[in-house]
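Student: Have a look at this one.
The values are calculated or read from the model by the stated rules, or taken from the named source; none is laboratory data. Note that the structure is predicted; figures quoted are calculated from it, not measured. Here Cβ is always computed from backbone atoms with ideal geometry, including for glycine, and neighbour counts include all displayed protein chains. Heads up: the accessible areas ignore ligands, DNA and RNA and are worked out on the full protein's heavy atoms, side chains in. Shrake-Rupley method; radii C 1.70, N 1.55, O 1.52, S 1.80 Å.
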Amino acid sequence: MDAADVRERAADLPTDPGVYQFYESGGTGSRSEPATTGGPGRADGGSGAATDGVGAAADDAGAGVTSDDADAAGDDRVLYVGKAVSLRDRVRSYADPRSERIRSMVRRADRIDVAVTDTETQALLLEANLIKRHAPRYNVRLKDDKSYPLVQFTAHAAPRIEVTRDPAESATVFGPYTSVGTVETVVKAIRETYGLRGCSDHKYRGRDRPCLDYEMGLCSAPCTGEVDAETYREDVASARRFFEGETGALADPLRREMETAAQDREFERAANLRDRLDVVESFHGGGGEAVAAHEGTDREEATDVLGTALEGDAATVARLHAERGQLVDRSRHRLDVPSEAGTDRTAAVLSAFLVQYYAERELPDAVLLPERPDDDEVLAWLDAEGVAVRVPGAGREAKLVDLALKNARRGASGDDELGALADALSVPRPERIEGFDVSHAQGKAVVGSDVLFVDGSAETAGYRRKKLPERNDDYANMRALVAWRAERAVEGRDDRPDPDLLLIDGGEGQLGAALDALDETGWDVPAVALAKEEELVLSADGVHDWPSDAPHLHVLQRVRDEAHRFAVQYHQTLRDDVSTVLEDVPGVGPETRKRLLRRFGSVENVRAASVDDLLDVPGVGVKTAEAIEKRL
């Protein structure tokens, strides 16, 4: 590549943080091979195979998969991996490298690939994972993960918690993290809250009385039986839940302790607890755990994460690949939306991709998706192959899905879609678009989503969600959701600037409800609706039937699909809430619920547990275990 090539490539990149890779061609070129084995309903040698080469023909159903990133590389070699606060600016700087070594690398490179992240921390850790995986020639190589601090829970009967850079093979490990000071603060808070030991085996063995850590409130002294083994195991499980992403497992008891200290007029102690609480609540905010997770507790060795972006009749699927909790690879693939797709086109795309892509590849242990595929036969095939399929609602797995969605959307059209949208609707250029959708189950667990797109890209920091009154009335629910947003804007209670356009997921009824809410509150923002079945855009001026390849339709479809996904995700989270799931199970009272969550960590894990697993929980008998299995 020369300077002009680099500048041309950089001009197409986003200004988001992320990781970039320079590749050198291995000379094998692209390849395309028909699938001969695999998924449901596929004859050997049939059409519709997943391919690695760009430009492969779609199958008869219009859903052939092509790859345009790492998977299309064949024998391409990674020459260099780097991280960036702004991918566009950082890659552009390689047009005029400062060192001869990097200048030589650029001359050898044939292409540049990027992966978008949400934060600089994610970019830092993803860079480390990719350097370790590919060992690029021009990187100063990391020998191992010792550059970053880790937190380990040892495999002892009474596990020890400690910060380390060299974890034991048998330990449960979380990290790596980027700030050793922050990690040490959190570990100390964990020990003070849950009393976990931090001593060496030498100090632990053969004691007849507790050590100084017990007197200081840092340890519950399992060495001398001051705490029984079952209680200590439950405390360890609670501590692990914090590192798995459940901030409240540590923040809630710290907050209660801070409030008690303030009530007792122990203001210095309350201030110290407040400072510690700030560190704890921001611990997961950097997003690093989405890229690098604990190794010891991951049930799956290999996990694939899929995100989708639809533009007219074409779709992009981004695939992130994690091994032992470390995000190590990504690729993007293009396919046509299946011609038989119903109203939920994303679900149809996922079904088509899963069959075609994995028919001739080794299956991962788990697949994380933004929503459930619409083909039960595909799900049955994956289940029979031992692949866990999950649609996460929160935590680290949900962050991974968000990253996959962000990378899928990166392939959006380079046309001036916002300018075209402004012209088509006769409105000022809509730099900020907010999308609204409502999700519920026959009037239960009713929720609304409010997502934000800036310059055609999702701005997740501007996402909001709202729990609505339980009623089976889509129009009233949409009216309440838009009224909530409008009232906050008019009264100055929303910290976001007013959008240039509102997009309603629905048809004429939903749009009418939204316009009524805007009239009642006096919030002057134009609104349109996009119905799924015919992809017609509805406005106060009439109906717009745009071509399926129109770039201004594509941007509205992205906003609509993201509002739908975010609403469904929140609805599923509420539906799985303890109060709506476990409370109604006969024989499960408050204490049993607490034991179940301590043992399994989440309602989702309770749902996945077998009857034998449930019987291991104190207070759960055969009838109760069977009732839990039946209810969930």
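Student: What figure, in Å² to the nearest 10, do you get for the accessible area of Glu226 with a 1.4 Å probe and non-protein molecules left out?
Tutor: 100
Student: Now for a different question. Counting only the heavy atoms of the protein chains, how much of Asp5 is accessible to a 1.4 Å probe, in Å² to the nearest 10?
Tutor: So the heavy atoms of Asp5 present about 70 Å² to solvent.
Student: If DNA, RNA and ligands are ignored and the probe is 1.4 Å, what is the ranking of Ser426, Ser104 by accessible area, most exposed first?
Tutor: Details: Ser426 105, Ser104 35 Å².
My answer, sorted largest first, is Ser426, Ser104.
Student: Over 25 Å between Cα atoms: which of Lys188/Lys466; Lys188/Lys406; Lys83/Lys399; Lys444/Lys630; Lys203/Lys594 fall into that group? Before the final figure, lay out each step's value.
Tutor: Working: Lys188/Lys466 36 Å; Lys188/Lys406 35 Å; Lys83/Lys399 19 Å; Lys444/Lys630 20 Å; Lys203/Lys594 33 Å.
Going by Cα-Cα distance, Lys188/Lys466; Lys188/Lys406; Lys203/Lys594 fall outside the 25 Å limit.
Student: Carbon and sulfur: what percent of segment 157-236's accessible surface (1.4 Å probe)? All intermediate terms of the calculation are to be shown ahead of the outcome.
Tutor: On the way: 1900 of 4180 Å².
Taking all protein chains in place, segment 157-236 shows 45 percent carbon and sulfur surface.
Student: What's the center-to-center distance, using Cα atoms, between segment 235-260 and segment 158-226 in Å?
Tutor: That distance is 16 Å.
Student: If Asp336, Asp96, Asp313 are ordered by their accessible area, calculated over protein heavy atoms with a 1.4 Å probe, which sequence runs from highest to lowest? Spell out each step's value before the answer.
Tutor: Details: Asp336 65, Asp96 115, Asp313 90 Å².
Ranking Asp336, Asp96, Asp313 by accessible area, largest first, yields Asp96, Asp313, Asp336.
Student: How much area per residue is accessible in segment 433-509 when the probe is 1.4 Å and only protein heavy atoms are counted (Å²)? Write out the running numbers ahead of the final one.
Tutor: Numbers: 3340 Å² over 77 residues.
Here the per-residue accessible area is 43 Å².
Student: Something else: Place the peptides 464-476, 526-538 in order of packing, highest mean first, counting for every residue the other Cβ atoms within 10 Å and averaging per peptide. Walk me through the numbers before you get to the answer.
Tutor: On the way: 464-476: 15.0, 526-538: 18.8.
Top to bottom by mean Cβ count within 10 Å: 526-538, 464-476.
Student: While we're on this one: Over all pairs of distinct alpha carbons, what does the Kirkwood formula give as the hydrodynamic radius of segment 446-550, in Å?
Tutor: Answer for segment 446-550: a Kirkwood hydrodynamic radius of 14.5 Å.
Student: Considering only protein heavy atoms and a 1.4 Å probe, what is the carbon-and-sulfur percentage of the accessible area of segment 425-525? Can you show the working numbers first?
Tutor: Values: 1910 of 4540 Å².
Carbon plus sulfur share of accessible area: 42 percent.
Student: Ok, one more. Once each part is reduced to its C-alpha centroid, what is the distance from segment 604-632 to segment 439-454 in angstrom?
Tutor: Between the Cα centre of segment 604-632 and that of segment 439-454, the gap is 31 Å.
Student: With just the Cα atoms defining each centre, how far is segment 304-324 from segment 466-485? Give it in Å.
Tutor: 31
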